[in-house]
Amino acid sequence: MPAFSLDPSQTAWCAELRDLAAERLRPLADKGEPGHVNRPLVAELGRLGLLERLFTSGAFDLCLMRESLAHACTEAETALALQGLGAHPVHAHGTRAQRERWLPRVAEGSAVAAFALSEPGAGSDAAALELRAEGDAAGEGEGESPAAEPDGPARWRLTGEKCWISNAPEADFYTVFARTTPDAGARGVTAFLVPADRPGLTGTGLDMLSPHPIGSLSFDAVPVTADDVLGEPDRGFRVAMGTLNLFRPSVGAFAVGMAQAALDATLAHTAERDAFGGKLRDLQTVAHQVAEMALRTEAARLMVYAAATAYDEKAPDVPGRAAMAKLLATETAQYVVDSAVQLHGARALRHGHLLEHLYREVRAPRIYEGASEVQRGIIAKELYATMEAGQ
């Protein structure tokens, strides 16, 4: 599939998604409480079949979903994305028992997932994480609540903290990355599926700029067994990076959806607003600004589509393309939304205005799933690796 075009069925599906977001998801989002999981919204995403598509579609369709939903309802887009981010490691690396227990509930919207990688001292430098998975061959913890204990004797105890975790502390289960081999960098990390009711696991919500739930998690000797491992012991960093390579282009799609919403609002405003004896659109400086917003938005969209296509085709340059797509799209969305606010003037700063909402939403994607500076590092690393491989 060419990365620069959509076929008629894809175009129609995107239009349908935008309508669903505006008519069925937006009212539920408006009833939600900022900073908390909106379970009715998640359940509606399940009823519409959109959460199921997280496990049956490729990266390109994921990007189309995120871009289309973001145009009309960023809360619905984010709820869908967080379900995918938290559950993708289970889908891609989980055992049959893990998948059968959790994925149907995620798909129907009755279980909320979360991806727990970042820590207070290991955000962008994910290989430096310090949450410890300490051996517990003796099977400590007997006599704890049987409903919350793992099925077998604990092999490890998780001790430490996670921070900036979306959907925490209200998720039903967490994909948790912990250090099983000390001083081994990225090679000593294991991914675990940890239900939220495990003894010793607690959390606190954080009051953040973004309206979706973000919190910290505390692990006080939380028991996990070999049945909780996702993938292989000490190979969890590969699980994390594989998940991020899929979701980074789709973060770009989220950003493109916000940029397009800001651009559409600006076109309508500048065409109607009287100023200096005419309409705002008649001022060359305004017209040129709008043209620049459209140019950058379309360039970002094409890069996102190209990265998603590369992922679906299992191209060798996925990490670099994914980083480029996330970097360009999130930086572009920041520029476009900021420009839209400027052209709207003070009205855009009022609480409840579309652009006031987008202005709060657009900042975080430049940080999460790897800050812009991290993306530049990945791009440079891939470029030099490619050069050296060709020598």
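What follows draws every value from the coordinates through simple rules; no lab data is involved. Remember, it's a predicted structure, so these values are computed and weren't measured experimentally. Quick reminder, even Gly has a Cβ in these numbers, built from the backbone with ideal geometry, and neighbours come from all protein chains shown.
Translational diffusion of the stretch 298-364 was estimated from the Stokes-Einstein equation, with Rh taken as the Kirkwood radius over Cα pairs; at 25 °C and 0.890 mPa s the coefficient is 186 µm²/s. Measuring r between the beta carbons of Glu100 and Glu130 and using R0 = 35 Å, the FRET efficiency lands at 0.60. Computed from backbone phi, the HN-Hα couplings of the stretch 249-256 come to x, 6, 4, x, 5, 4, 5, 4 Hz, rounded to whole numbers (Karplus: 6.51 cos²θ - 1.76 cosθ + 1.60, θ = phi - 60°; Gly and Pro given as x). Taking label points 7 Å from Cα along the Cα-to-Cβ direction, Thr181 and Ala15 give a separation of 5.5 nm. With contacts taken as Cα pairs under 8 Å at a separation of at least 6 residues, the chain carries a relative contact order of 16 percent.
Annotation: amide H-H contacts under 5 Å for Ala111 (H modelled 1.01 Å from N, sequence separation of 5 or more, or interchain): Val106. Among beta bridges from DSSP that stay inside the chain, the antiparallel ones total about 85%. With all pairs of separate Cα atoms included, the stretch 113-233 yields a Kirkwood hydrodynamic radius of 14.4 Å. Between Thr202 and Ser218, Asp220, the built amide H atoms are under 5 Å apart, and every one of these is 5 or more places off in sequence or on another chain.
In the chain, taking the dipole from charged Cβ atoms about the Cα centre, the farthest positive-side position among Met293, Phe177, Ser57 is held by Met293.
Computed 3J(HN,Hα) for the stretch 273-289, one whole-Hz value per residue from the Karplus formula 6.51 cos²θ - 1.76 cosθ + 1.60 where θ = phi - 60°, is 6, 7, 6, 6, x, x, 9, 4, 4, 6, 7, 4, 4, 5, 4, 5, 5, glycine and proline marked x. Considering the stretch 281-326, its Cα convex hull presents a mean projected area of 3.4 nm². The stretch between Asp30 and Ala226, if pulled fully straight at 0.36 nm per residue, gains 66.4 nm over its current Cα-Cα span. Residues of the chain were split at every exposed loop site, defined as trypsin sites (Lys or Arg not before Pro) in a DSSP loop with at most 13 other C-beta atoms within 10 angstrom, and the longest piece left, sites excluded, is 1-313. Overall, the ratio between the Cα radius of gyration of the chain and 2.2 N^0.38 Å, rounded to two decimals, is 1.02.
With R₀ set to 51 Å, the beta-carbon distance separating Tyr384 from Asp274 gives a calculated FRET efficiency near 0.40.
Computed from phi, the 3J(HN,Hα) profile of the stretch 291-296 under the Karplus parametrisation 6.51, -1.76, 1.60 (θ = phi - 60°) reads 4, 5, 4, 5, 4, 5 Hz, with x in place of Gly and Pro. Label separation (Ala299 vs Met208): 2.9 nm, computed from points 7 Å beyond Cα along the C-beta direction. By its C-alpha gyration tensor, with a ≥ b ≥ c as the square roots of the eigenvalues, how is the stretch 56-96 shaped: rounded for a/c under 1.5, else prolate for a/b larger than b/c, else oblate? In terms of gyration-tensor shape, oblate. Cross-link reach is defined here as a Cα-Cα straight distance under 16 Å, omitting same-chain residues fewer than 8 places apart; for Lys381 the aspartates and glutamates meeting it are Asp125, Asp317, Glu373.
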